[in-house]
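Data first, discussion second: the structure below is written as structure tokens.
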Amino acid sequence: MSKIREHITLVEGDLDTPIEGDLEPYVIFTQLATGRPYIYAGWVDAIDAAMAIQFGREHYGQDQKCVGLWAIPKPAITAGGAEMTARGRYEVFLRAESGEPHRSAGCVEAESSREALDTARRDISGAAEARSIWVALSERIVATGPDDVIWRLTDQTYRMARGYASEVRAKWEEVRARKDIEEYEKDDLKEMF
Amino acid sequence: MSGSSNVGMHIDHVADEDPQKLAEFEARIDAGELIEPDDWMPAAYRKGMLKMAEHHANSEIIGALPEGEWITRAPSLRRKLALTAKVQDEIGHGQMLYRISQDLGKTRDQMLRDLITGRTKYHNVFNYPAPTWGDIAMIQWLIDGAAIMNQKTLADGAFGPYVRTMRRINMEEAFHFKSGEDMVLTLMTGTQRQREMCQEAFDRWWYPSIMFFGPPDKPNSEQLPPMRWRMKTELNDSLRQRFVNRFAPAALDLGLKIHIVTKDPDGIVTSKTPDKNLRLNEQTGNWQFTAPDWDEFYRVIRGHGPCNRKRLALRRLSYEQGRWVRKAVLKGSTALPPAA
Ligand SMILES: [Fe+2]
Ligand SMILES: [Fe+2]
């Protein structure tokens with residue numbers, strides 16, 4: 001395979017196929033321990049929520065130990081701009097400090113996303129001082145189940161820096177000791193013995 | 001891997017921006033605040049950030065190509081697992097960075113198409129070949145090492161989504177670098193043949209990694225928009241010096257020799273001489289070194305490097321061969337793969 005792939009000729013110029021369009025963006029939140037908030041992790045592009053959860057697990061569930069994952073279609077999240085007039089329970093996410101990721105902070109009942117934002121500012125602790133608030137209808141959130149295993153089951157330290165730390169240190173010690181010995185032996189009159 | 005400091009960013013005309021809003025924007029930057037996509041920003045800033053994130057995304061997915069080719073030839077199961085995970089990480093970095101770019105107003109499909117038709121670029125360093133396992137070790141040690149240094153400074157930038165992505169990416173880069181360091185150490189403490197292979201790969205990658213940080217800065221770089229608006233936070237030459245200060249003594253400790261080389265059009269070394277200028281300047285604490293051949297840098301960036309065509313050809317083939325999959329997914333239809 002590799003040899004063939006080494007020798008592909010480059011077709012130049014424009015593509016003759018039409019623009020294809022993108023998948024839907026989903027925002028992914030991860031929960032690092034049971035009972036803790038869901039923290040904004042990033043986005044994935046997916047065809048539907050099931051695919052978003054699947055990609056989210058691969059993409060954002062493997063760097064840190066993670067027990068739960070939420071996927072929310074991006075248009076379902078309101079930050080104050082477009083209003084959603086749907087009645088129900090809204091999940092509230094707060095960015096406490098500039099640059100921090102949004103974290104889930106509780107729920108409010110409201111008639112619309114605008115009302116949800118107002119209610120959140122009043123009722124959710126920390127919301128009034130938050131740098132940014134997001135709300136999303138709870139029913140639009142797709143979540144992993146309580147028994148889903150997201151974190152790896154086998155030892156995968158080969159994909160983490162700490163999986164190499166002690167070996168690397170030992171090897172450096174060996175290399176530097178060897179150099180010191182060579183330096184020390186430099187003036188040995190080897191040919192005399 | 002990757003980092004986008006050699007993206008050519010030419011940003012001007014803020015003349016037509018509302019001076020009041022521009023002043024507020026710059027005051028927020030000076031106060032160390034982060035700019036979020038919904039905030040007001042100069043059109044040139046939005047355009048510049050899009051260009052930067054797109055270039056970075058392109059670099060992540062093209063950068064994974066030479067490494068991907070080595071998965072089947074990795075020397076042990078552990079190395080194979082690690083390299084597979086590394087390549088997966090890099091494609092993931094590409095996904096995240098394309099997502100930022102999408103939010104700034106360009107579709108992903110358009111970006112993928114612009115990349116394979118040569119309208120946009122990727123990092124110059126990926127136009128060099130990786131003919132041996134030693135090159136895979138050097139890419140992870142030197143290039144991922146350089147990328148970490150660069151991306152750490154980008155994580156101090158001002159654009160919120162980009163900054164948060166850099167923080168997340170850097171966690172994974174730490175693994176790439178450490179496993180690269182482990183591979184280089186293994187080769188250099190191995191057999192004569194392994195040490196020679198490692199030295200040859202080092203000769204191929206030392207200068208590309210010094211050029212990684214982009215061309216020398218202009219005298220007024222700190223006043224130009226990319227730094228004025230904290231799209232980047234450290235000068236190319238300063239990053240380059242820090243890189244040499246860290247890696248030159250480490251290479252010497254490993255028993256590697258630092259050479260100035262000439263290469264054939266395929267990027268294979270044809271002659272080498274020791275870098276006579278290489279030494280620690282006790283006064284400044286900086287390692288001095290012979291400057292890279294910047295003509296080569298510009299030649300490669302203009303498309304005449306050893307692997308420019310090869311990288312684009314493979315990416316374009318992948319895009320075209322993957323079309324039926326995307327079609328099936330997007331339309332939810334039962335499209336079948338094309339008959340062989
Ligand atoms: Fe990397
Ligand atoms: Fe990367």
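A few notes on this one:
- Look at (1) under 23 Å from B:VAL261 (Cα atoms); (2) touching an Asp or Glu at 6+ places or on another chain (Cβ under 7 Å); (3) open to solvent by less than 10 Å² (accessible area, probe 1.4 Å) and you find that B:ARG204 fails only one, number (3).
- Filter result for B:THR117 (more than 16 Å from ligand 1 (Cβ to nearest atom), surrounded by fewer than 19 Cβ atoms within 10 Å (Cβ to Cβ), within 28 Å of A:GLU58 (Cβ to Cβ) and among the hydroxyl-bearing types (Ser, Thr, Tyr)): no
- Any hit, the stretch A:179-193, residues being among the β-branched types (Val, Ile, Thr) and open to solvent by 40 Å² or more (accessible area, probe 1.4 Å): yes
- Among the numbered conditions (1) within 11 Å of chain A (Cβ to nearest Cβ); (2) over 22 Å from B:ILE169 (Cβ atoms), the only one that B:PRO42 does not meet is (1).
- The C-beta contact set for the stretch A:36-61 (first residue in contact (Cβ under 8 Å) with a residue 60 or more places away in the chain, second residue assigned to a helix (DSSP H, G or I), distance under 6 angstrom, 6+ apart or interchain) comprises A:ALA41/A:TYR60.
- Taken as a whole, the condition of being open to solvent by less than 20 Å² (accessible area, probe 1.4 Å), more than 11 Å from chain B (Cβ to nearest Cβ), part of a loop (DSSP other than H, G, I, E, B) and in contact with a helix residue (DSSP H, G or I) (Cβ under 6 Å, 6 or more places away or on another chain) does not apply to A:ALA136.
- Number of the exception - B:PHE247 against (1) crowded, with 19+ Cβ neighbours inside 10 Å; (2) outside any helix (DSSP H, G or I): (2)
- Test: residue in the stretch A:27-34 that is in a strand (DSSP E or B), within 25 Å of B:GLY105 (Cα to Cα) and not β-branched (Val, Ile, Thr): yes
- Of everything in the stretch B:35-62 that is more than 18 Å from B:ARG108 (Cβ to Cβ), open to solvent by less than 10 Å² (accessible area, probe 1.4 Å) and part of a helix (DSSP H, G or I), the residue that is farthest from ligand 1 (Cβ to nearest atom) is B:TYR45.
- Residue match in the stretch B:166-182 (condition: surrounded by fewer than 20 Cβ atoms within 10 Å (Cβ to Cβ), closer than 19 Å to B:PHE243 by Cβ and within 16 Å of ligand 1 (Cβ to nearest atom)): yes
- Near pairs, Cβ below 8 angstrom, 6+ apart or cross-chain, from the stretch A:15-27 (farther than 19 Å from B:GLU320 by Cβ) to any residue that is among the basic types (Lys, Arg): A:GLU24/A:LYS74; A:PRO25/A:LYS74; A:PRO25/B:ARG99; A:TYR26/A:LYS74; A:VAL27/A:LYS74
The values are calculated or read from the model by the stated rules, or taken from the named source; none is laboratory data. Here the structure is a predicted model, which is why all the values come from computation and not from measurement. Glycine gets a Cβ as well: all are built from the backbone with ideal geometry, and neighbour counts include every protein chain shown. Just the protein is used for accessible areas: all its heavy atoms, side chains included, with ligands, DNA and RNA removed. Shrake-Rupley method; radii C 1.70, N 1.55, O 1.52, S 1.80 Å.
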